[in-house]
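The values are calculated or read from the model by the stated rules, or taken from the named source; none is laboratory data. It should be emphasised that the depicted structure is a prediction, and the values quoted were computed from it without experimental measurement. Positions of Cβ are generated from backbone atoms using ideal geometry, with glycine treated the same way; all protein chains shown enter the neighbour counts.
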Amino acid sequence: MSALQAPVGVPEPRPARTTLRAVSTSRQPIARLPFVLIVALLLGSGMIGVLLLSTTIQAQSSELSDLQSQEADLRYQEAALAAQVQDLRSSSRLAQSAWELGMRPNPNPAFIQMPDGQVTGDPTPVEGDELTGMDPVVVPETPVVSVLPAVDDTAGGDAAASGTDTTASSPPDEGQG
């Protein structure tokens, strides 16, 4: 065998046994009940805060949705009113209104020279039959679109008190029996 032999009979020296004892603390221990109450209070107030924040965001989201819907309605209303104004300004509508007022085209007009007031031409009244084949301009009736929103009585909106007109007027139906 190639291992070294240990001396038999010589005991190894043992270290002296130390006794364990409690170490005194210089700090006061934290009382458990107040600490638990503080943590519970912080968690509860945080949950209430999150709940209030969530409720507020939901209410604002609903209001935003209502306002976006109202904006879309107002854009459609604006487009309808612009189309109606364009139709009322058209030359065919002007010619129809002139014909209804009794205005007829004059084939022989007279002119007034503005600086001195001299009349050029023979001013004769028009009977309406000077131009043969001249028929009154017929413009197809376009319905006047009511683009005013309905008044909601539950919202407390009083149209008469606010000065807004909530009735849509339409031109009188002439020539229809």
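Descriptive notes on the structure:
- Qualifying residue in segment 121-142 (condition: over 25 Å from the mean Cα position of the chain (by Cα), modelled with pLDDT of 80 or more and either small (Gly, Ala, Ser) or not in a loop (DSSP other than H, G, I, E, B) (or both)): yes
- The lone exception for residue 96 - which of (1) in contact with a Leu (Cβ under 8 Å, 6 or more places away or on another chain); (2) at pLDDT below 90; (3) not in a loop (DSSP other than H, G, I, E, B) it fails: (1)
- Among the residues examined, residue 81 qualifies as touching a residue at least 24 places away in the same chain (Cβ under 8 Å) and surrounded by 10 or more Cβ atoms within 10 Å (Cβ to Cβ).
- In segment 51-72 there is no residue matching the filter, namely being surrounded by 11 or more Cβ atoms within 10 Å (Cβ to Cβ) and over 35 Å from the mean Cα position of the chain (by Cα).
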